[in-house]
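Student: Here's a structure for you.
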Amino acid sequence: MEPQLQLVEEGHSVVETPFGAFDVDAKDLVSFPDGLPGFEQCRRFAVLASTAIAPLQCLHAADGQPASFLAIDPHRVLPRYRRQLTLHDTARLGAQRETPLVWLVLVTVEEHGHTYANLRAPIVINPERMIGFQVMPLNTLYPVRHRLTAGD
């Protein structure tokens with residue numbers, strides 16, 4: 001199984017990930033100028049969704065080392081999750097106050113079945129510019145490991 005999208009340059013392709021197979025269109029790739037912590041060489045990601053993993057999504061690297069992450073809208077985890085960016089992060093995203101942004105938090109599934117969401121450092125994407133960053137929102141008190149399931 002080839003986890004990268006390097007051959008996806010034009011049109012649709014199907015990519016196999018640890019979370020299933022997804023249809024990907026190269027025009028839908030999101031640029032991450034800084035990569036993600038630990039995966040800085042991964043500069044383009046696809047945000048993939050399917051009914052099989054809903055409400056989760058898959059954030060899959062299109063270049064750099066193989067990387068696939070589960071992600072979820074933080075409001076699915078905590079309905080009152082507060083979203084507030086620093087002025088620096090808003091500028092990096094090329095966003096204005098009224099720009100609709102996509103917020104995702106990374107999900108970790110441990111081998112014993114416990115599932116955690118990183119509410120402290122969400123992924124924020126400006127879909128108008130197809131650019132994203134992992135950020136630390138202002139005055140966040142959210143945990144890095146917020147337990148989602150009781151596990152086995």
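All of the numbers you see were taken from the coordinates with simple rules; none came from a lab. Since the model is a prediction, treat every value here as computed from it, not as a measurement. Please note: Cβ atoms are built from the backbone with ideal geometry, for glycine as well, and neighbour counts cover all protein chains shown.
Student: In what order do PHE19, PHE69 fall by count of nearby beta-carbon atoms within 10 Å, going from fewest to most?
Tutor: Taking fewest neighbouring Cβ atoms as first place, the list is PHE19, PHE69.
Student: Using the Cβ atoms and a cut-off under 11 Å, what net charge is assigned to the surroundings of ARG145, where Lys and Arg are +1 and Asp and Glu are -1?
Tutor: +1
Student: Follow-up. For the chain, with only Lys/Arg (+1) and Asp/Glu (-1) charged at the beta-carbon, what is the dipole magnitude about the Cα centre, in debye rounded to 20?
Tutor: Rounded to the nearest 20 debye, it is 880 debye.
Student: Can you give me the relative contact order of the range 83-152 as a percent, contacts being Cα pairs under 8 Å and 6 or more apart?
Tutor: Taking the mean separation of contacting Cα pairs over the length of the range 83-152, I get 35 percent.
Student: Using Cβ contacts closer than 10 Å as the measure, can you line up THR17, THR51, THR108 from fewest to most?
Tutor: THR51, THR108, THR17
Student: For the residues ILE131, ILE123, ILE72, what sequence is obtained by ranking on other C-beta atoms within 10 Å, fewest first?
Tutor: Fewest-to-most Cβ neighbours within 10 Å comes out as ILE131, ILE72, ILE123.
Student: While we're here: For every helix of n ≥ 4 consecutive DSSP H residues, a contribution of -39,500 (n - 2.57) applies; sum these over the chain, divide by its total residues, and give [θ] at 222 nm rounded to the nearest 500 deg cm²/dmol.
Tutor: My calculation for the chain gives -1500 deg cm²/dmol from helical runs alone.
Student: Which whole-number percent is the relative contact order of the chain (Cα, under 8 Å, 6+ apart)?
Tutor: Relative contact order for the chain comes out at 18 percent.
Student: Same structure, new question: Classify the chain from the C-alpha gyration tensor, please: rounded if a/c falls under 1.5, else prolate or oblate depending on whether a/b exceeds b/c.
Tutor: oblate
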